[in-house]
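Visitor: First the structure, then my questions, so here it is.
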Amino acid sequence: MQNCLIPADLLKKSDKILFIAHLALGDFTYLQNFFKAFAAQNPHLKVHLWVDEVRRTADASQWPHLKKYSLYDWTAACPFFDKVYTRTYSPELYRASIAEARGEHYPIVVSLATLRPHLYAGLAREISPEGWVVGMRKKVSLFQPHHLLAYRQLDAEMPSYRSNDPEHHISDVYAFWFRQLSGLEVKDEARFPFVDIPLQWHQYAQEQLVRWQFAARSGKLVFINPYAKTRKRCWTLEQVAALIQAMQAREGWQDACFIVNAVPQELANAREVIGRYQLQRTQLFSAEENFFQLPAMLAECDLIISVETAVMHLANAVRVPVIALMRQKNPEWVPVDRANSVVITAPGRRDWVKAVSVEQVMKAI
């Protein structure tokens, strides 16, 4: 551990550590394993997490949506975090959170932020003026002297991840980070995603299936998710409807029931579009109350079809076969459970996910 970014003696004598990260659900699906392993490696440490909201805004109309970010439900349920900062979505709350964090007097702060890492280097140092600060760094051009000044506030810099393996996975990147930080080794089998779903949400999913009259079904239950954060990674609702029609016409799937996932802000539009097709045994779903509604419902299904977003990773976590629709870019984000995952990529490198045809999905099925 002598070459680790966090000095071994400092790690041993410290009582707490703060990790700073801008996290999406997909990130956390894999990073969770490493936070858990780090906490087990250092049982004397209280592990705190700062979830930075990159969509932070002064527009108050956006705050109710940002405040309910589903990742907060998940991190709050993780026993290996002693504290999680989630109130970073408005400028005022961001400043208040910084003041709160400074009051903790962290001896170690680690920034895992890969977007605008110079800003997070400054944030880490502001939170811990006297502590040991580790962070990411990008190349600095001649026109970015302020970036260089920010990086000078770091006590140690995370080296860039490099791999000769064209099939490396995002979990390999995270393994590299924690190996550099503290010598932590997380083997392949321990990198498999998991989600501990509270019993109340399992009961919720089962009761919902009863209300939809899906509980006593004779056919399979299929979950389809066409939504991602960016339009480039979305499928269209028209494609979803066409897929359901095609599956219901295929032998072996005539009695299948379908759940179409919609993010809360798109639910009304999805209801209108899907409603036009008058599809049989098809219901819309949205995890409007709590994050765990989503994995609980996924766990009840026989097949998950999802675009490139957290749902396809959660499918692996709940051990349900998944067909993942992806762009050619960022192949390191493919589902890690290759035995139970089929990946269909858009034909051209610049193509959006909607370039994946219904016929391609039907062949995979």
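Visitor: Run the reach check for LYS187 against aspartates and glutamates, Cα to Cα strictly under 14 Å, same-chain hits fewer than 8 apart removed. What comes back?
Guide: Those aspartates and glutamates meeting the cut-off are ASP172.
Visitor: Taking K and R as +1 and D and E as -1, what net charge do the other residues with C-beta under 13 Å from the C-beta of LYS138 add up to? Walk me through the intermediate numbers first.
Guide: Details: positive: ARG116, ARG137, LYS139; negative: GLU157.
With Lys, Arg at +1 and Asp, Glu at -1, the net is +2.
Visitor: So how compact is the range 219-276: Cα radius of gyration and Dmax in angstrom?
Guide: Reported Rg and Dmax, both Å: 12.0, 35.
Visitor: For q values of 0.22 Å⁻¹, compute log₁₀ I(q)/I(0) with the Debye formula on a Cα-only model of the range 126-211, without solvent.
Guide: -1.10
Visitor: Now, a different point. So how strong a dipole does the range 214-292 carry about its Cα centre when Lys and Arg Cβ are +1 and Asp and Glu Cβ are -1, to the nearest 20 debye?
Guide: Around 240 debye, computed over the range 214-292.
Visitor: If the cut-off is a Cα-Cα distance under 27 Å, which lysines reach LYS354, setting aside same-chain residues fewer than 8 apart in sequence?
Guide: Qualifying lysines at Cα under 27 Å: LYS220, LYS229, LYS232, LYS329, LYS363.
Visitor: Which of the listed residues, PRO166, ILE304, ILE98, is farthest toward the dipole's positive end in the chain, when Lys, Arg count +1 and Asp, Glu count -1 at the beta-carbon?
Guide: PRO166
Visitor: Can you give the FRET efficiency to the nearest 0.05 for GLN203 and TYR161, using r as the Cβ-Cβ distance and R₀ = 51 Å? Before the final figure, lay out the partial values.
Guide: Details: r = 42 Å, r/R0 = 0.82.
That pair, GLN203 with TYR161, gives E of 0.75.
Visitor: So if I place +1 on the C-beta of Lys and Arg and -1 on the C-beta of Asp and Glu, and nothing else carries charge, what would the dipole magnitude of the chain be about its Cα centre? I want it in debye, nearest 20.
Guide: On the way: 42 positive and 37 negative charges, 158 e Å.
Using Cβ point charges on Lys, Arg, Asp and Glu, the chain gives about 760 debye.
Visitor: Quick check: the angle from helix 117-127's long axis to the longest principal axis of the chain, C-alpha only, nearest 10 degrees?
Guide: Approximately 60 degrees, to the nearest 10.
Visitor: Okay, next question. Can you give the FRET efficiency to the nearest 0.05 for HIS44 and ALA355, using r as the Cβ-Cβ distance and R₀ = 30 Å?
Guide: Values: r = 52 Å, r/R0 = 1.72.
Result of the calculation: an efficiency of 0.05.
Visitor: For the range 189-263, rounded, prolate or oblate, judged on the Cα gyration tensor with a ≥ b ≥ c (square roots of eigenvalues), a/c < 1.5 rounded, else prolate if a/b > b/c? Spell out each step's value before the answer.
Guide: Values: a/c = 1.77, a/b = 1.10, b/c = 1.61.
Taking the square roots of the gyration eigenvalues as a ≥ b ≥ c, the range 189-263 is oblate.
Visitor: Compute the distance in nm between two label points, each set 7 Å from the Cα along the Cα-to-Cβ direction, one at GLN283 and one at GLU238.
Guide: Reported label-point gap for GLN283 and GLU238 is 2.9 nm.
Visitor: In addition: Using only Cα atoms, what is the ratio of the radius of gyration of the range 219-333 to 2.2 N^0.38 Å?
Guide: 1.01
Visitor: Could you name the lysines whose alpha carbon sits less than 19 Å from that of LYS83, not counting residues in the same chain fewer than 8 places away?
Guide: LYS16, LYS36, LYS46, LYS67, LYS68
Visitor: With a cut-off of 20 Å, note down the residues of the range 8-32 whose backbone N falls inside the zone around a label point 7 Å from the Cα of ARG102 toward its beta carbon.
Guide: 17-21
Visitor: In nm, give the distance between the simple-model label positions of VAL84 and GLU272, each being 7 Å from the Cα along the Cα-to-Cβ direction.
Guide: 3.4
Visitor: Which percent of the accessible area of the chain is formed by carbon and sulfur heavy atoms (probe 1.4 angstrom)? Write down the numbers at each step before the final one.
Guide: Working: 8620 of 17520 Å².
Roughly 49 percent, rounded to a whole number.
Visitor: What FRET efficiency, computed as 1/(1 + (r/R0)^6) with R0 = 30 Å and r the Cβ-Cβ distance, is obtained for LYS220 and VAL343, rounded to the nearest 0.05? Intermediate values should be presented prior to the final figure.
Guide: Numbers: r = 21 Å, r/R0 = 0.69.
My answer for the efficiency is 0.90.
Visitor: If you count only protein heavy atoms with a 1.4 Å probe, what accessible area per residue comes out for the range 187-278, rounded to a whole Å²? Please list the in-between numbers first.
Guide: Working: 5040 Å² over 92 residues.
Per-residue accessible area for the range 187-278 comes out at 55 Å².
Visitor: Against the empirical 2.2 N^0.38 Å scaling, what ratio does the C-alpha Rg of the range 26-185 come to? If you can, show how the numbers build up before the last one.
Guide: On the way: Rg = 16.3 Å, N = 160, 2.2 N^0.38 = 15.1 Å.
Output field value: 1.07.
The values are calculated or read from the model by the stated rules, or taken from the named source; none is laboratory data. The structure presented is a predicted model; accordingly, all values stated were derived computationally and were not measured. As a convention, Cβ positions derive from the backbone with ideal geometry for all residues, glycine included, and neighbour counts pool all protein chains shown. For accessibility, only protein heavy atoms count, side chains too; no ligands or nucleic acids. Shrake-Rupley method; radii C 1.70, N 1.55, O 1.52, S 1.80 Å.
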